[in-house]
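Peer 1: My questions will all concern the structure given below.
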Amino acid sequence: AKAQLGYMAQKFSLYGLLSVRQNLEFSAGVYGLEGATRRVRIEEMIDTFRLAPWLSAAPNSLPLGFKQRLALACAVMHRPPVLFLDEPTSGVDPITRREFWTHINGLARKGVTVLVTTHFMDEAEYCDRVAMLYRARLIALDTPDALKRGAAAPPLADPTMEDAFIHLVESADLTDSNHGERAA
């Protein structure tokens, strides 16, 4: 299974005592990359995520955006067909956020199934399908456009994803109260 999956945690979870290069080398080894393939993939990750100036640095000394780039590089080095990203842009600057979504969309165009958790509703717009959760319950699963259409009502003729989420939460609360469930 590990050869088929990539995972990037919200909280930086690579090895702080290893350098950036050593983390890349370690990840390549964990995913069974060897020889020329290993060297090529590591160089691809260094180039793709612009890590060259940081190769000898400890990951804990990197700015957050570069820590996240390193984590994503380690997660995709073995070219998994399925990638899980847990809040990949949490805490990074707007330019790095945009850059991450460029990488994510590029992976999706190459056929990678990418599952992203995010609390940024504007990021949900970039997804093909969105599952909205509230109180550990699925309250919607559809395309961003369909979810927004479902929230359209005067005075909201053109709702945002945030408007759609609020509409769905309010509807869930109303349904719960109509069924005698206690809304917390």
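Peer 1: Restricting to DSSP H runs of at least four residues, report the calculated mean residue ellipticity at 222 nm for the chain, -39500 (n - 2.57) per run over all residues, nearest 500 deg cm²/dmol.
Peer 2: Computed ellipticity for the chain at 222 nm equals -14000 deg cm²/dmol.
Peer 1: Based solely on C-alpha atoms, express the radius of gyration and the Dmax of segment 114-177 in angstrom.
Peer 2: Computed over the Cα atoms of segment 114-177, radius of gyration and Dmax are 11.4, 35 Å.
Peer 1: Which three extents, in whole angstrom, do the alpha-carbon atoms of segment 1-96 cover along their principal axes, largest first?
Peer 2: 34, 28, 23
Peer 1: How much net charge surrounds Leu14 when only other residues with a Cβ under 15 Å from its Cβ are counted (Lys, Arg +1; Asp, Glu -1)?
Peer 2: So the surrounding residues net to +2.
Peer 1: Plugging the Kirkwood radius over Cα pairs into Stokes-Einstein for the chain, at a temperature of 37 °C and a viscosity of 0.692 mPa s, what D comes out in µm²/s?
Peer 2: 179 µm²/s
Peer 1: A further question on this structure: Quick one: 3J(HN,Hα) in Hz for segment 108-117, Karplus 6.51/-1.76/1.60 with θ = phi - 60°, rounded, Gly and Pro as x.
Peer 2: Those phi angles translate into 4, 5, 7, x, 6, 7, 10, 10, 10, 9 Hz.
Peer 1: Sorted by mean Cβ packing within 10 Å, highest first, what order do the peptides 114-125, 79-90 take?
Peer 2: For the peptides 114-125, 79-90, the packing ranking is 79-90, 114-125.
Peer 1: Turning to a different aspect of this structure: Over the chain, what is the relative contact order in whole percent, taking alpha-carbon pairs under 8 Å and six or more residues apart?
Peer 2: 19 percent
Peer 1: Determine the relative contact order of segment 82-184: mean sequence separation of Cα pairs under 8 Å and six or more apart, normalised by residue count, in whole percent.
Peer 2: Relative contact order comes out at 19 percent.
Peer 1: Something else now. Viscosity 0.890 mPa s, temperature 25 °C: give me the Stokes-Einstein translational D for segment 96-139 in µm²/s, with Rh taken as the Kirkwood radius over C-alpha pairs.
Peer 2: For these conditions, the coefficient is 213 µm²/s.
Peer 1: For the chain, set up a Gaussian network in which alpha carbons nearer than 10 Å are linked by springs, and say which option among Ala152, Ala75, Ala136 fluctuates the most.
Peer 2: Sorting by GNM fluctuation, first place goes to Ala136.
Peer 1: So how far apart, in nm, are the two label points at Asp128 and Asp86 if each is 7 Å from Cα heading toward Cβ?
Peer 2: 2.5 nm
Peer 1: What does the net charge come to around Met121 if you take all other residues with beta carbon closer than 11 Å to its beta carbon, with K and R at +1 and D and E at -1?
Peer 2: My count for the surroundings of Met121 gives -4.
Peer 1: Continuing with the same structure: With θ taken as phi - 60° and the coefficients 6.51, -1.76 and 1.60, list the Karplus ³J(HN,Hα) couplings across segment 20-25 in order, rounded to whole Hz; mark glycine and proline as x.
Peer 2: Whole-Hz 3J(HN,Hα) from phi for segment 20-25: 4, 4, 5, 5, 5, 4.
Peer 1: Might you work out the accessible area of Ile104 for me, using a 1.4 Å probe with all protein chains in place, and round it to the nearest 10 Å²?
Peer 2: 10 Å²
Peer 1: Apply the Karplus curve 6.51 cos²θ - 1.76 cosθ + 1.60, θ = phi - 60°, to the phi angles in segment 95-100 and return the couplings in whole Hz, x for Gly and Pro.
Peer 2: Running phi through 6.51 cos²θ - 1.76 cosθ + 1.60 with θ = phi - 60° gives 5, 5, 4, 4, 4, 4 Hz.
Peer 1: Leaving out ligands, DNA and RNA, and with a 1.4 Å probe, what % of the accessible surface on segment 1-143 is carbon or sulfur?
Peer 2: 57 percent
Peer 1: Can you pull the semi-axes for segment 75-149, root of five times each eigenvalue of the Cα gyration tensor, sorted largest first, whole Å?
Peer 2: Each semi-axis is the square root of five times an eigenvalue, giving 21, 15, 13 Å.
Peer 1: What accessible area per residue comes out for the chain, rounded to a whole number of Å², with a 1.4 Å probe?
Peer 2: 58 Å²
Peer 1: Pick from Pro63, Pro144, Pro154 the residue whose mean-square fluctuation is largest in a GNM of the chain, springs joining Cα atoms under 10 Å.
Peer 2: Top of the fluctuation ranking is Pro154.
The values are calculated or read from the model by the stated rules, or taken from the named source; none is laboratory data. Since we're looking at a predicted model, the values are computed, not measured. So basically every Cβ, Gly included, is an ideal-geometry build from the backbone, and we count neighbours across all protein chains shown. These area figures cover heavy atoms from the full protein model, side chains too; ligands, DNA and RNA do not enter into them. Shrake-Rupley method; radii C 1.70, N 1.55, O 1.52, S 1.80 Å.
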